């Protein structure tokens, strides 16, 4: 009897999992609660079935051909995703909306900004700009199609004042999202475009800061620790090419393939920074680098142990000094 009951439950779940509403809910859960009309048709819902679900409140129209499933309280990411879906194939989140998704600006109310490869009808809740973006200018973040940070900086150079662009650039550097190679290529790709002069000025400022100088009190303190300890001098703020991405390392010993990342709260204390740091570490480790994270407290309270550990990792086991004072 128990076996029959278990079989009945299994059969019920299997039938239920193939019901169109189950499939719609499963799809919506991966898209922040939104689906397109085309997707509904592909899942087996006909026009009358879609209309019926709209009447009964199981679907809520957000834009032409885009619906929220179950309720319309889909959150910010759901609204971003819906705006991209409503703008057609190849559309991506861009400009200030993309800056908010990347964690470079606080999200603002008002219309969502989209770039699309084709001319699109205007919408009160969506600002659409037509542009043919190269494949290396688009990506996904949090499953939402979006412009890359480098392309975003070019777009923002057109719509933000200089001080606003500089503020975003500081956030890009803090969150280590900068792809120098891609940024350098944009002026040559778009000569004469609006915003290029401002972008060149940002690039010049970045290059001026790429000479190995320290940029924060924590980096200055670590540099002093290295000097007192007699450790080999590392390269500071050094770009490393990993696949198609450039990652900037705080402190680098290239021959030993060792990187020290300095975890100051101001630069790494947000949720997006936490996620980005783990993504960076995984990519670096997959490419054969060892990554060590050092905090203010460790540098202040555990300097002796930190020196011993770094000596071991640098292959300087016999060099260790005790009782380093900081």
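The values are calculated or read from the model by the stated rules, or taken from the named source; none is laboratory data. Keep in mind that what you see is a predicted model, and the values were worked out from it rather than measured. Cβ placement follows ideal geometry from the backbone for every residue including glycine, while neighbour counts extend to all protein chains displayed.
Before moving on, here are some points about what is shown:
- For segment 135-144, the criterion of a residue being touching a strand residue (DSSP E or B) at 6+ places or on another chain (Cβ under 9 Å), on the phi < 0 side of the Ramachandran plot and assigned to a helix (DSSP H, G or I) is satisfied by at least one position.
- For segment 102-119, the set of residues classified as closer than 24 Å to residue 75 by Cβ and either in contact (Cβ under 8 Å) with a residue 12 or more places away in the chain or in contact with a strand residue (DSSP E or B) (Cβ under 8 Å, 6 or more places away or on another chain) (or both) consists of 102, 103, 104, 105, 107, 108, 111, 112, 113, 114, 115, 116, listed by residue number.
- Helices (runs of 4 or more DSSP H) within segment 26-128 that include 1 or more residues assigned by TED's automatic domain parsing to the domain that holds residue 154: 75-86, 95-101
- Of all residues in segment 183-208, those satisfying the criterion of being assigned to a loop (DSSP other than H, G, I, E, B) and at pLDDT 85 or above are 190, 191, 193, 194, 195.
- Number of the exception - residue 144 against (1) within 29 Å of residue 277 (Cβ to Cβ); (2) surrounded by fewer than 16 Cβ atoms within 10 Å (Cβ to Cβ); (3) in contact (Cβ under 8 Å) with a residue 24 or more places away in the chain: (2)
- For residue 121, the criteria (1) buried (at least 23 other Cβ atoms within 10 Å of the Cβ); (2) more than 24 Å from residue 193 (Cβ to Cβ) hold in every case but one, which is (1).
- Filtered residue count, segment 232-258, keeping only those that are over 18 Å from residue 180 (Cα atoms), crowded, with 18+ Cβ neighbours inside 10 Å and in contact with a strand residue (DSSP E or B) (Cβ under 7 Å, 6 or more places away or on another chain): 2
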